[in-house]
Amino acid sequence: MKELSLNVLDITKNSTKAGATLVQISLVEEGNQLTLTITDNGCGMKPEIVENVMNPFYTTRTTRKVGMGVPLLMLAAEQTGGGVTIESRHEEAFPEDHGTVVKATFFTDHIDFTPIGDLVATMETLIMGSPEVDFTFLHDMNGRRVELDTRQLREVLGEDVPLDSYEVIQWIGQFLREQYEENAEC
């Protein structure tokens, strides 16, 4: 993928398809290292699925015979000298505490580092596509932070205003862009 934000979109869509009600997206930049962590409370994966998920020729989908999301993320991380780990707890074995954590590490000073891309558009797309799911978003850029928590929005808006309404999506985009602009001035 040409931008890391597209990897975030793809991996997070897997979380929503797995029945997650909460997906936490975190990008933490410290010096020349970027760590992307996507944590969900979806149904999780059985150990044999976790073992195979990094293989591009393995997928649980019935619509196509390959699954490229995790392998492409792994390639993007490894080509910078980083890597990907996946931890998952399947709901059958862990009925009270299940879900998946995908963690990718990148070295941003490497010539093959993929640009981060438009994370604001990624968050808008995720919320529009899965308004019933709660998302937390954190982008920590060496101590300068951009944050969003849809649970807080729900508290303010109440049950009558859906998160995927045009006005709410516009506000979310503006809210995140303003945070990025404020952090760019520092």
Sole exception among (1) closer than 24 Å to Asp40 by Cα; (2) surrounded by fewer than 16 Cβ atoms within 10 Å (Cβ to Cβ) for Glu185, by number
(1)
Applying the selection to the range 123-154, what residues are in contact with a Gly (Cβ under 9 Å, 6 or more places away or on another chain) and either part of a strand (DSSP E or B) or modelled with pLDDT of 95 or more (or both)?
Met123, Glu124
Looking at the range 88-106, which of its residues are within 16 Å of Ser26 (Cα to Cα) and open to solvent by 60 Å² or more (accessible area, probe 1.4 Å)?
Lys103
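Could you look through the range 1-57, keep only residues that are among the hydroxyl-bearing types (Ser, Thr, Tyr) and not in a helix (DSSP H, G or I), and pick out the one that is most open to solvent (accessible area, probe 1.4 Å)?
Among them, the one singled out is Thr21.
Take the residues in the range 99-132 that are among the hydroxyl-bearing types (Ser, Thr, Tyr) and in contact with a Ser or Thr (Cβ under 9 Å, 6 or more places away or on another chain); name whichever of them is farthest from Gln79 (Cα to Cα).
The first filter runs over the range 99-132 and keeps only residues among the hydroxyl-bearing types (Ser, Thr, Tyr), leaving 100, 105, 108, 114, 122, 125, 130.
Among the residues that remain, those that are also in contact with a Ser or Thr (Cβ under 9 Å, 6 or more places away or on another chain) are: 100, 105, 108, 114, 122, 130.
On the way: Thr100: 24, Thr105: 11, Thr108: 11, Thr114: 9, Thr122: 23, Ser130: 31 Å.
Selected residue: Ser130.
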Can you report the number of residues in the range 132-149 which are closer than 18 Å to Lys17 by Cβ and surrounded by 17 or more Cβ atoms within 10 Å (Cβ to Cβ)?
3
Looking at Leu176 and the list (1) of a type in the set (A, V, I, L, M, F, W, C); (2) surrounded by 17 or more Cβ atoms within 10 Å (Cβ to Cβ); (3) more than 22 Å from Glu3 (Cβ to Cβ), which single condition is not satisfied?
(3)
Quick check on the range 58-79. Is at least one of its residues assigned to a strand (DSSP E or B), surrounded by 14 or more Cβ atoms within 10 Å (Cβ to Cβ) and modelled with pLDDT of 95 or more?
no
Of the residues in the range 107-120, those that are out of contact with any Asp or Glu (no Cβ under 8 Å at 6 or more places or on another chain) and open to solvent by less than 30 Å² (accessible area, probe 1.4 Å) come to Leu119, Val120
Which numbered condition trips up Glu159, out of (1) over 17 Å from Ile25 (Cα atoms); (2) outside any loop (DSSP other than H, G, I, E, B); (3) open to solvent by 30 Å² or more (accessible area, probe 1.4 Å)?
(2)
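Please find, among Val146, Val156, the residue that is under 16 Å from the mean Cα position of the chain (by Cα) and without any contact (Cβ under 8 Å) to a residue 40 or more places away in the chain.
That would be Val146, the only listed residue that is under 16 Å from the mean Cα position of the chain (by Cα) and without any contact (Cβ under 8 Å) to a residue 40 or more places away in the chain.
The values are calculated or read from the model by the stated rules, or taken from the named source; none is laboratory data. Just so it is clear, the structure is predicted and the values come from calculations on it, not from any experiment. In this analysis, Cβ positions are derived from the backbone assuming ideal geometry, glycine residues included, and neighbour counts consider all displayed protein chains. Heavy atoms of the whole protein, side chains included, go into the accessibility calculation; ligands, DNA and RNA do not. Shrake-Rupley method; radii C 1.70, N 1.55, O 1.52, S 1.80 Å.
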